[in-house]
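J.: My questions will all concern the structure given below.
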Amino acid sequence: MTEESGRPRVRVEFPAMTAGGKAAAATGKAAALGGEATLGGIVARATEAAALRPVDGVALVTIDRREALNAIDRATMEQLLEALERLDDDPTCRCMVITGVGDRAFAAGADILEMSEQTAASIAASGGFERWDRIARIATPLIAAVKGYALGGGCELAMTCDMIVAAADAVFGLPEVRLGVMPGAGGTQRLLRAMGKAKAMELILTGRNLPAVEAEAHGLVSLLVPRAEVVACALALAETIAAMPPLAVRAAVQAIDQAAELPLSEGLAAERKAFNALFETEDQKEGMRAFLEKRPADWKGR
Ligand code: CAA
């Protein structure tokens, strides 16, 4: 395997689109400012200045290990987590899109070369799964933009996101049994919750590839779009969400996530508590007043 040296494995950009919503993923915010911009403490430089508009409040995070079909090794996971947590702490970042570089893979799994020498003890001591838990705790909405393979840990990463936008020819799967192991980064739990026991059993016990069309039919995918439009569609979805009142969005994400963990009565109680708490926010007053005054709301995030 060709191994990259010290090159960063994860890129953060402030995406941009043409007026028609076509091109994506240039450093839009920086372009708009004519130079550099920072988001989550990460500096981005303008690479394309022409005819692009920034996608407000949205960061695009790209896994960049083309040589290994964006397989997630330890360094990639550390960089991904660092980028996501920094962006999560930045109130100007209201939605994130995660994708993989190129058209061949979102991510083809955890890095098999790196895993091949592990023991039960070394895996447990590595803290790898705590990193996955921290990704699941990111409060800013996360959208996976999936082109090509999302296998093993790549599929698990997409399922850890709040939504998946997939290319019509993308391929999902949890092939870990074929390697003598099983899904370890949430696959058995999240696939079951997304698709039900019958499909989860069939897919995990055979390790077969799941075409995106089938994944969408079984509820894993939010939007299925042509491959060339995956990132642009995910960014457009992210932009719509970023324009919503952020406290309400985060509270809704948390309530939906809790639904997978809590009995119905507790989930309903948590939902009610969060709903009531939003009536203490300026955005609730503004949102309802704006509706009654027939004007767009001006969200403050308070
Ligand atoms: N880890 C490390 N390297 C990987 C990789 C992975 N998961 N997936 C692909 N690569 C590397 C290949 O070794 C190859 O490298 P070289 O060019 O240096 O040989 C390169 O990426 C291109 O891959 P292929 O030549 O295999 O490409 P292909 O088009 O023939 O096949 C594929 C594509 C079907 C995705 C195939 O690469 C494949 O099956 N990959 C492994 C998928 C997998 O089993 N994922 C689960 C990993 S375990 C896991 O994720 C555990 C967990 O729950 C956290």
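J.: What's the extension gain from ARG272 to LEU292 if we count 0.36 nm per residue and subtract their Cα-Cα distance?
T.: On the way: separation 20, 0.36 × 20 = 7.20 nm, distance 2.41 nm.
Contour length minus Cα-Cα distance gives 4.8 nm.
J.: Tell me which of LEU60, ALA107, PRO246 sits at the most positive position along the dipole axis of the chain, charges placed on C-beta atoms (Lys, Arg +1; Asp, Glu -1).
T.: My answer, from the dipole projection, is PRO246.
J.: What is the fewest-to-most order of SER126, SER222 by other Cβ atoms lying within 10 Å of their Cβ? Spell out each step's value before the answer.
T.: Details: SER126 14, SER222 17.
Neighbour counts put them in this order, fewest first: SER126, SER222.
J.: Considering only PHE279, LEU292, ALA232, whose Cα is most displaced toward the positive end of the charge dipole of the stretch 202-302, charges sitting on Cβ of Lys, Arg (+1) and Asp, Glu (-1)?
T.: The listed residue farthest towards the positive side: LEU292.
J.: How much length is gained if the chain between ALA120 and ARG227 is pulled fully straight, taking 0.36 nm per residue apart and subtracting their Cα-Cα distance, in nm to one decimal? Don't skip to the answer; put the middle values down first.
T.: Working: separation 107, 0.36 × 107 = 38.52 nm, distance 3.86 nm.
Full-extension gain reported as 34.7 nm.
J.: Measuring from a point 7 Å past the Cα of ASP133 along Cα-to-C-beta, which residues in the stretch 245-268 have an amide N at less than 17 Å?
T.: Correct set: 258, 261-262.
J.: What 222 nm value per residue comes from the helices of the chain, counting each DSSP H run with n ≥ 4 as -39,500 (n - 2.57) and dividing by all residues, nearest 500 deg cm²/dmol? Intermediate results must be reported in sequence, preceding the final value.
T.: Details: 13 runs with 126 residues, N = 302.
My calculation for the chain gives -12000 deg cm²/dmol from helical runs alone.
J.: Right, something else. Assigning unit charges at the beta carbon (Lys, Arg +1; Asp, Glu -1) and nothing else, what dipole magnitude in debye, to the nearest 20, does the stretch 246-292 show about its Cα centre? Walk me through the numbers on the way to the answer.
T.: Working: 5 positive and 8 negative charges, 31 e Å.
Magnitude of the dipole: close to 140 debye.
J.: Also, I was wondering about something else. So if R0 is 45 Å, what FRET efficiency would SER265 and ARG7 give, r being the distance between their Cβ atoms, rounded to the nearest 0.05? Walk me through the intermediate numbers first.
T.: Details: r = 51 Å, r/R0 = 1.13.
Once rounded, the FRET efficiency stands at 0.35.
J.: Using the crude model of +1 on Lys and Arg Cβ and -1 on Asp and Glu Cβ, and no other charge, please compute the dipole size for the chain relative to its Cα centre, in debye to 20. Mind dumping the intermediate values first?
T.: Working: 33 positive and 40 negative charges, 115 e Å.
Dipole of the chain, to the nearest 20 debye: 560 debye.
J.: Would you check the chain for Lys pairs whose C-alpha atoms are within less than 24 Å, ignoring same-chain pairs closer than 8 in sequence, and give me the count?
T.: Working: LYS22/LYS147; LYS29/LYS300; LYS147/LYS199; LYS273/LYS285; LYS273/LYS300; LYS285/LYS294; LYS285/LYS300.
For the chain, the number of qualifying lysine pairs is 7.
J.: Same structure, new question: For the chain, report the convex hull volume of the alpha-carbon atoms normalised per residue, in Å³, without decimals. Present the calculation step by step, with values, prior to reporting the outcome.
T.: Working: hull volume 45.5 nm³, N = 302.
Output value, Cα hull per residue: 151 Å³.
J.: Relative to the Cα centre, what is the charge dipole magnitude of the stretch 155-283, using +1 at the beta carbon of each Lys and Arg, -1 at the beta carbon of each Asp and Glu, and rounding to the nearest 20 debye? Write down the numbers at each step before the final one.
T.: Numbers: 10 positive and 16 negative charges, 99 e Å.
Its charge dipole is roughly 480 debye.
Only the coordinates and a few stated rules stand behind these numbers; no lab work does. Note that this is a predicted model, so its numbers are computed, not measured. As a convention, Cβ positions derive from the backbone with ideal geometry for all residues, glycine included, and neighbour counts pool all protein chains shown.
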